[in-house]
1. With the structure loaded, tell me whether A:A106 is buried (at least 20 other Cβ atoms within 10 Å of the Cβ), in contact with an Asp or Glu (Cβ under 8 Å, 6 or more places away or on another chain) and among the hydrophobic types (A, V, I, L, M, F, W, C) or whether it fails that test.
2. Inside region B:223-255, can you point out the residues that are more than 30 Å from A:V173 (Cβ to Cβ) and more than 7 Å from every other protein chain (Cβ to nearest Cβ)?
3. Residue under question is A:V136, and the condition is that it be within 18 Å of B:G200 (Cα to Cα) and of a type in the set (V, I, T); does it hold?
4. Those residues that are more than 15 Å from A:F181 (Cβ to Cβ) and aromatic (F, W, Y), I need them from region A:51-75; list them, please.
5. Tally up the residues in region B:110-136 that are open to solvent by less than 10 Å² (accessible area, probe 1.4 Å) and of a type in the set (A, V, I, L, M), please.
6. For B:E182, work out the one condition from (1) in contact with an Asp or Glu (Cβ under 8 Å, 6 or more places away or on another chain); (2) surrounded by 16 or more Cβ atoms within 10 Å (Cβ to Cβ); (3) part of a loop (DSSP other than H, G, I, E, B) it doesn't fulfil.
7. Starting from region B:353-369, take each residue that is open to solvent by less than 40 Å² (accessible area, probe 1.4 Å) and list its partners that are basic (K, R), counting only C-beta distances under 9 angstrom and pairs at least six apart or across chains.
8. Name every residue in region B:336-346 that is at negative phi and open to solvent by 20 Å² or more (accessible area, probe 1.4 Å), in order of residue number.
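The values are calculated or read from the model by the stated rules, or taken from the named source; none is laboratory data. Keep in mind the model is a prediction, meaning the values are calculated, not measured. We place every Cβ from the backbone using ideal geometry, glycine too, and count neighbours over all the protein chains shown. We work out accessible area using only protein heavy atoms, side chains counted, and drop any ligands, DNA or RNA first. Shrake-Rupley method; radii C 1.70, N 1.55, O 1.52, S 1.80 Å.
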Amino acid sequence: MSEQSVSTELMSENEVRQRRLDVKSLDNPKAMKLYRRFDGIFILVLFSFLALGVQIQFTLTAGDWDYWIDWRDRRWWPVVAPMTLLMFIGPLAYGLWYRLRLPVVATAVTTLLCLTSWLSRYLNFYEFTYFPMSFVPASTYIGLGILLDCSLIMTRSLIISCIIGGGLFGALVWPLNWPIFAASKVPVEFNGMLLSMADLMGFQYIRTTTPEYLRIIEESTLRTFGGSVTPLTAVFAGLVGIVVYALFLLLGKWINGLDKYAKRIA
Amino acid sequence: MKVVFSARSATVNLVLVLLLSLFAGDVVAHGERAQLASMRMRTVHWFDLNVAPLKVKVGDIVTVTGKFYTSELWPNQLPSPEDTVYLNIGVPGPTFIKLDASVNEVPMVRSTAFELGKVYEYRIIMRARIPGRYHVHSLLNVKDAGSLVGKGTWVEVEDHSGGPVPFVNEATTLTGETVNLETYGLGDVFVWHVVWIVLGIAYIVYWLARRELFIPRFIRVREMGQDKADEILTKRDFVVSSVFFTLTLAVILGGYLWGENKYPITIPLQTGKVDVVGLTPPTGELDIEVESARYELAGRSLMINAVLTNRSDQAYSIGEFLTANIRFLNSAISGPTTYPEEEMVAFDGLTVTGDSVIPPGASRPVKMVASDALWEQYRMTGLINDPDSRFAGLLFYFDEDGKRYYQEIGGPILPTFF
Ligand SMILES: [Cu+2]
């Protein structure tokens, strides 16, 4: 917080004058018109960047976990998916809060991811490789994004929102998505074996390079806790969410500090 | 059908497939020639492949049967099927659905493990789903080793004469409901996605549709300094956010309860391995000692010198040598049979010098030459480039009644320069 006053002291006269002019320009309708035009372009650029960025990040990290309905187990997917999203959201959320006080990154990223995921499922999986949409539906994380953003504006503190929002972001993945894939977890008998509908579809719809054994289903020592897998995973994912989000907010802080050096060089 | 690369991202695969199909013909794209020659010779010997029928309509059944032998000379540098394997079909995506699969009559819903040096008989029942002409391969996904592909057979899938009929894939749940898996649960999926997308967009619009956005806000926050910057947030912002926060929690809870109510009985994803016992190949008490093996670098042949000792009470004649999915048949013997449209068969590919019949009790040196243009076509001549120059294959022989026996032969192999 004191950083700002220190840097103001260090500013040259020229810079101080420039800033005063900037503030004045806000009362100038012509300047405002220009700003609004720029805002329009910036929204397009920012959203394209977010959509592309989160799609690449998510494909590389969560990948198969989020493509196939028979990969979304109770243990790994609810931890991996929010973690990888928070890694992307953290630095951007810090920047937009610090510079603009705009708490929209998490909602924007999760909404855009949902839209691009549907586009990719439709084109890559349904049209190009013939998978039925019922086998590759997108997950949703939008609710988590809204909770994270709102907790920031409600508390006006990155730290508290990290604990509340980051925690909820991890913990609520499963209940949020439950209405979307509860159907795939209905039991079915196949060859005398008990399968979920998702397992049956995984067997039937041929994936040449994604054999069954690549799935990581419930592999963990937490198994000893018996029936309470889902709530336990939620607590664990919540903690992971807090830690990961905190780390990546710090990364954002570090990136934001870089402009000091940029000024010094100039 | 792609072979070596893992399926991390469909986009990457898509690009690779496009590149492959640009630069290569049918055969390479399916992986028949992609792997090292020595690897194809010493991993899985596929035989007796039968795909039937070869011409079907959408919704019809196609059955793939065959056998494979897991090589005892499995390359050390390649992870073995003794750990984890999955029996699969190599077709471009779910153009067929697998209805059933079994190995040695054990259902193969999941992954399994195979002992080396054993015979496994498999059967896969499929239903044609998408019209087209497909090169259907049997394949094994071996954990950490990638896909090992058997040879392919072309199957043609046609639409119904009256025009396309929607493909239906019915299943009955344990709760007694019969559903179509092609569209199962999709209606609800769309509804819930729409709910969330609308909420997300509403929230974004609230924040972005305002008179002062990026630049003005940036100027103001900079002017206020971090200590006072929060003043840019209005009471309305706070109220709207609280409403969104509460609403979101309520919808999450509501959705969860809706799911629990609609599907009260659910189970976790099922996993675990299936056990299957391998069969011992019918060797018929014939001992085969490979003395030496050579292949001509310039030509198209593999020459094996072996001593065959017949400890049984019947005479054997050598009928076929199989390696890397290529069948070299001895045309002097009537034993070996082929399936309709079978590929990779050299009908006159095996010459046995000396007496090709081994009488009971006899021990004879035999020189076998497996020779055909297929060597070149399937890039087996690249053996010289392999890090481990050994070969292996199955030798088939027949008794007087035409009964078939076989065993694996193999050993070091040397090139001959002419
Ligand atoms: Cu092929």
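1. yes
2. Across region B:223-255, the qualifying residues are B:M224, B:K228, B:E231, B:T234, B:K235, B:R236.
3. No.
4. Scanning region A:51-75 gives a single hit, A:F58.
5. 5
6. (1)
7. Here the result reads B:I358/B:R364, each pair linking region B:353-369 to a residue that is basic (K, R).
8. B:P336, B:T337, B:T338, B:Y339, B:P340, B:E342, B:E343, B:V345
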